[in-house]
Amino acid sequence: MKAIIPAAGLGTRFLPSTKCTPKEMLPVLDKPVIQYVVEEALEPAEVTDAIVVTSPNKPELLSYFQPDTALEQLLRSRGKDAYAAAVAEAGALPVDFRFQYKPNGLGHAIRSAADAVAGESFLVLLGDYVVPARDICTRMLEVSRSHGGASVVAVAPCAPEEVSRYGVVAGERIDSLPGAEGAADDEPGAVWRVSGMVEKPSPADAPSNLYIVGRYLLSPLVMDLLEDQAPGAGGEIQLTDAMERSLEREAMYAVVIDPLSGYDTGTPSGWIATNALMAASDPRFAGAFWDAIEERGGLKR
Ligand code: G1P
């Protein structure tokens, strides 16, 4: 199975930083955001390759996932073996690329990788969300297996006024992940059968408060439907719209995840908070991080 990671956007919210550096290359601690997403995508045993869909204007992403033996050798000759190993690791990940030649929406980006998935189910991982535990896709695969290989999305509850930022699902709770039988309908481990979905609804039109968090396991039918998908919200070809059309012919499920299992990197303030939160809890960074904060008398709102 392949995992598609769309990474073709302009990174507008991070300008001017993203004028010359793709947004996906911004670091979280010591690694670019894209590497977390690639590693998460490769976590389930079923996944063999990550397919990054990018624009021809972002060659840095292609270079990053290439081996650089000259740099490795230089680092080793200077006794910096841990850095050499980190460079080698990034260059050895099974990442392939496809190009999206015009910014035409998420659905269009996914469709640009159609040849790579060749009639198989595939994962989609959006890059604005880092999941250190890398466990969401495994849960989605579990739900899919117990429902005949159907499409599955990860969802989480949000405040009613936030629904217009997301794709929102309609449906009913039908099942639970093992161990989550006691979970409420919008608590982690609840499994829903999806009966509809809307991209960026107004609060009044939202069918629930469960939004799609950016992790999808999709059937080949969804890829086929993207071929002739008409533009939707924002004039863009929306993945949500093709998924909604697939419901006429196939069942789809949603599994509720803990919204705090991921960290937002899609806006400067989210990215800054993610770096701070992850530094504070990573033994490699926590000591120096807290020292720097304490030196200035701590942090208060
Ligand atoms: C995309 C999807 C949306 C989903 C969201 C999650 O929207 O279209 O359905 O809920 O990601 O972050 P975007 O953030 O690209 O506007």
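The values are calculated or read from the model by the stated rules, or taken from the named source; none is laboratory data. From a predicted model like this one, the values you see are computed outputs, not experimental measurements. Here Cβ is always computed from backbone atoms with ideal geometry, including for glycine, and neighbour counts include all displayed protein chains.
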If you go through 172, 142, 162, the only one that is acidic (Asp, Glu) and either within 23 Å of residue 54 (Cβ to Cβ) or within 14 Å of the ligand (Cβ to nearest atom) (or both) is 162
Among the numbered criteria (1) touching a helix residue (DSSP H, G or I) at 6+ places or on another chain (Cβ under 8 Å); (2) under 30 Å from residue 18 (Cβ atoms), which one does residue 250 miss? (2)
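Table: residues versus (1) surrounded by 15 or more Cβ atoms within 10 Å (Cβ to Cβ); (2) modelled with pLDDT under 95; (3) in a helix (DSSP H, G or I).
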{"site": "248", "(1), (2), (3)": "no, no, no"}
{"site": "254", "(1), (2), (3)": "yes, no, no"}
{"site": "269", "(1), (2), (3)": "no, no, yes"}
{"site": "272", "(1), (2), (3)": "no, no, yes"}
{"site": "276", "(1), (2), (3)": "no, no, yes"}
{"site": "291", "(1), (2), (3)": "no, no, yes"}
Filtering region 200-239 for residues that are of a type in the set (A, V, I, L, M, F, W, C), in a strand (DSSP E or B) and within 9 Å of the ligand (Cβ to nearest atom) leaves a count of 2
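Search region 256-267 for residues being among the small types (Gly, Ala, Ser) and closer than 30 Å to residue 178 by Cβ, and hand back the single one that is surrounded by the most Cβ atoms within 10 Å (Cβ to Cβ). So that I can check it myself, show each step before the final result.
As a first pass, look at region 256-267 and keep what is among the small types (Gly, Ala, Ser): 261-262, 266.
Narrowing the set further to residues that are closer than 30 Å to residue 178 by Cβ leaves 261-262.
Details: 261: 18, 262: 22.
Restricting to residues being among the small types (Gly, Ala, Ser) and closer than 30 Å to residue 178 by Cβ, the top hit is 262.
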Out of the residues in region 33-59 meeting the condition of being within 18 Å of residue 12 (Cα to Cα) and under 14 Å from the mean Cα position of the chain (by Cα), tell me which one is surrounded by the fewest Cβ atoms within 10 Å (Cβ to Cβ). 53
Within the set of pairs 6+ apart or on separate chains, which have a first residue in region 179-205 that is within 21 Å of residue 161 (Cβ to Cβ), a second that is surrounded by fewer than 22 Cβ atoms within 10 Å (Cβ to Cβ) and of a type in the set (Lys, Arg), and C-beta atoms under 6 Å apart? 185/173
Examine region 249-266 for a residue that is within 13 Å of the ligand (Cβ to nearest atom) and without any contact (Cβ under 8 Å) to a residue 60 or more places away in the chain, and state whether such a residue exists. no
Say we look at region 6-25 and pick out the residues that are closer than 12 Å to residue 271 by Cβ and out of contact with any helix residue (DSSP H, G or I) (no Cβ under 6 Å at 6 or more places or on another chain); which of these is surrounded by the most Cβ atoms within 10 Å (Cβ to Cβ)? 18
So how many residues does region 29-42 have that are out of contact with any helix residue (DSSP H, G or I) (no Cβ under 6 Å at 6 or more places or on another chain) and β-branched (Val, Ile, Thr)? 2
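In the set 182, 196, which member is over 17 Å from residue 143 (Cβ atoms), modelled with pLDDT of 95 or more and within 14 Å of the ligand (Cβ to nearest atom)? Show your work before the answer.
Working: 182 fails: within 14 Å of the ligand (Cβ to nearest atom).
Of the residues listed, the single one that is over 17 Å from residue 143 (Cβ atoms), modelled with pLDDT of 95 or more and within 14 Å of the ligand (Cβ to nearest atom) is 196.
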Scan region 11-29 for residues that are more than 17 Å from the chain's Cα centre (by Cα) and either more than 18 Å from residue 273 (Cβ to Cβ) or not in a loop (DSSP other than H, G, I, E, B) (or both) and jot them down. 12, 13, 14, 15, 16, 17, 18, 19, 20, 21
